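Heads up, the thing below is written out as structure tokens.
No lab work stands behind these numbers, since they all come straight from the coordinates. This one's a predicted model, so the numbers in the text were calculated from it and none came from an experiment. Note that we place each Cβ from the backbone using ideal geometry, even for glycine, and neighbour counts take in every protein chain shown.
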Amino acid sequence: MNVHPSFVKFPFPASSLLLAAVVSLSAACSGSGGSDNPDPVFTPPQKASVSTPSVLFTQGDGVEVRNGGYGSAIANVPGKPDEIYMMTDRGPNIDNQAGTGKIFPIADFCPTIGHFKVSSTGLTKIRDIQLKRPDGTLFTGLPNPAGMGATGEVAEDLNGQALGTDPYGIDSEGLVALADGTFWISDEYGPHIAHFAADGRELERINPFGSGTGGRSLPAVYATRRANRGMEGLTVTNDGLWLVGAMQSTMRNPDKASTQDAGSAITRILYFNIASGVTREYAYVQNEGGLSNSEILAIPGSDSQFLVIERDGSYFGAGAVYKSIYRIDITGATDISDPANGPNGRLYDGQTVEQLIDAAGLSSKGIVPVSKTLVVNMLDYNNYPHDKLEGIAIFDANTLICGNDDDFAVDDNGNGAMVQKLLPASSQPDNNTLYYVDLASPLY
């Protein structure tokens with residue numbers, strides 16, 4: 001799989017200060033864009049992983065918490081086709097026995113962007129970029145306080161002692177790496193969208209609660225997100241003007257009974273203008289209720305087309321049906337945003353968008369969702385063995401890079417105890433792995 005220079009496109013204005021992750025892609029494909037030692041003939045392996053993940057903590061029974069954990073999002077490194085950014089989420093955690101909260105075996109874990117080298121021998125970490133408060137102190141992944149993005153989860157340590165909350169806590173899930181060295185990250189808690197300097201310091205935080213910085217907010221309706229199912233994916237348009245976020249699941253808007261429990265398959269895609277804070281919203285219809293939209297990524301050459309991951313939480317051979325990547329198009333879709341910024345968004349004959357349940361319900365109210373076309377189902381690709389397909393990047397027009405969230409190689413046993421997360425296909429601990437996937441037809 002060699003790089004195909006003829007597919008490299010530069011649709012970005014020279015004056016733009018906010019060059020998207022797709023700029024990074026173009027630089028990567030051309031072997032230019034600031035690399036000290038660019039490799040224009042880099043040929044990626046079919047897959048790559050860390051051969052010996054570091055161990056963060058070992059339980060008394062030998063269960064290892066591994067680092068690991070970097071697959072919640074991936075992004076191209078500007079100018080370096082043989083390098084990649086991979087990001088952790090909030091850190092290792094399991095459900096407590098009562099089902100009322102989460103156990104964090106490493107309470108002070110700091111969500112981190114890992115910078116990796118890719119080679120035929122696997123992934124080698126170059127450095128970690130830990131997320132920090134504006135004063136330089138480290139973030140944690142602990143839940144937010146009430147009024148600042150609280151999910152209702154109670155964080156505990158392994159001894160059942162409450163750990164409290166963190167106003168800067170973040171469950172980082174969507175990553176945009178800009179050519180200026182800064183990052184935008186979205187999360188599942190608030191949801192929050194936050195801007196970070198190259199060294200990981202937070203520059204701005206935007207959410208629907210009015211507790212962000214800089215005076216900017218997300219639409220109020222996003223406060224109805226299902227707990228810990230916030231903005232799972234984030235990208236930026238090719239012109240650098242708009243952040244585009246994908247909500248993971250149907251929001252409980254106005255409640256769980258009439259949306260999630262009713263099988264609603266409607267999620268939202270949010271446009272946020274970086275300069276002005278103006279927003280637009282669109283409906284995305286999942287194949288069935290209960291699935292997850294785990295990532296969104298701009299396609300080079302278009303400001304209306306994106307790739308979106310839609311997945312279930314099962315393994316190959318154990319009930320998995322969807323590990324799908326779709327091309328979506330905003331063109332012709334209805335802007336469902338609410339000019340009045342009401343707590344439940346725009347209503348249609350008294351119903352929220354989520355209460356319309358499916359494509360037929362949307363159509364009955366004159367709402368056109370984004371269109372979607374299947375690009376690849378990873379279950380058809382080498383029997384994809386992981387449960388959580390959560391990261392995508394573009395290597396070139398014919399090749400996607402896909403990554404998994406390995407949950408730090410730990411799981412719970414359904415009774416509040418931490419066990420090793422083993423892949424059914426191999427009986428080996430789950431491990432962050434990049435897959436370079438050849439496509440049947442070019443993306444652009």
So, over other residues within a Cβ distance under 14 Å of PHE209, counting Lys, Arg +1 and Asp, Glu -1, the net charge is +2
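Send over the Kirkwood Rh of the stretch 194-300, from the inverse of the averaged 1/r over different Cα pairs, rounded to one decimal Å. Display every interim value, and only then the final one.
Values: mean 1/r = 0.0683 Å⁻¹.
Taking the inverse mean of 1/r over all distinct Cα pairs, the stretch 194-300 comes out at 14.6 Å.
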Among [x] 57, 55, 48; [y] 63, 47, 44; [z] 73, 54, 42, which one is Cα extents along the principal axes in Å computed from these coordinates?
-> [x]
Among residues other than ASP387 whose Cβ falls under 11 Å from its Cβ, what is the net charge (Lys/Arg +1, Asp/Glu -1)?
-> -3
Which residue, SER119, SER314, SER276, has the most motion in a Gaussian network model of the chain that connects Cα atoms within less than 10 Å?
-> SER276
Among ASN382, ASN96, ASN413, determine the one that fluctuates most according to a GNM of the chain built with springs between C-alpha atoms less than 10 Å apart.
-> ASN382
Sequence order, the stretch 366-377: Karplus ³J(HN,Hα) from phi using 6.51 cos²θ - 1.76 cosθ + 1.60, θ = phi - 60°, Hz rounded, Gly and Pro as x, gives x, 9, 9, x, 5, 7, 9, 9, 5, 9, 7, 9
Determine the distance separating the Cα centre of the stretch 44-65 from the Cα centre of the stretch 119-186; give it in Å without decimals.
-> 20 Å
Too long at a 31 Å Cα-Cα cut-off: which of LYS117/LYS421; LYS117/LYS372; LYS256/LYS323; LYS47/LYS256; LYS125/LYS388; LYS125/LYS323?
-> LYS117/LYS372; LYS47/LYS256
Taking the chain as a Gaussian network, Cα atoms linked when under 10 Å apart, which of PHE395, PHE57, PHE42 shows the biggest mean-square fluctuation?
-> PHE57
May I ask you to evaluate 6.51 cos²θ - 1.76 cosθ + 1.60, the Karplus curve with θ = phi - 60°, for each residue of the stretch 306-312 and list the ³J(HN,Hα) values in order in whole Hz, giving x for glycine and proline?
-> 9, 9, 9, 8, 10, 9, 9
Counting only residues 5 or more places away or on other chains, whose amide H sits under 5 Å from the amide H of GLY290 once H atoms are built in the peptide plane?
-> THR250
Hey, what number do you get for the chain at 222 nm if only DSSP H runs of n ≥ 4 count, each worth -39500 (n - 2.57), divided across all residues, to the nearest 500?
-> -1000 deg cm²/dmol
Of 176-189, 72-85, 129-142, ordering from highest average Cβ density within 10 Å down gives 72-85, 176-189, 129-142
Once phi is turned into θ = phi - 60°, what whole-Hz ³J(HN,Hα) does the Karplus curve with 6.51, -1.76 and 1.60 give for every residue of the stretch 214-226, x standing for Gly and Pro?
-> x, x, 9, 9, 7, x, 4, 4, 6, 5, 8, 4, 5
The answer for ASP338, listing residues at least 5 apart or on another chain whose modeled amide H is closer than 5 Å to its amide H, is ARG346
With a sphere of radius 15 Å drawn around the Cβ of ARG225, what net charge do the other residues whose Cβ falls strictly inside it have (Lys, Arg +1; Asp, Glu -1)?
-> -4
Those trypsin sites (Lys or Arg not before Pro) in the stretch 272-376 that DSSP places in a loop and that have at most 15 other beta carbons within 10 Å = LYS365
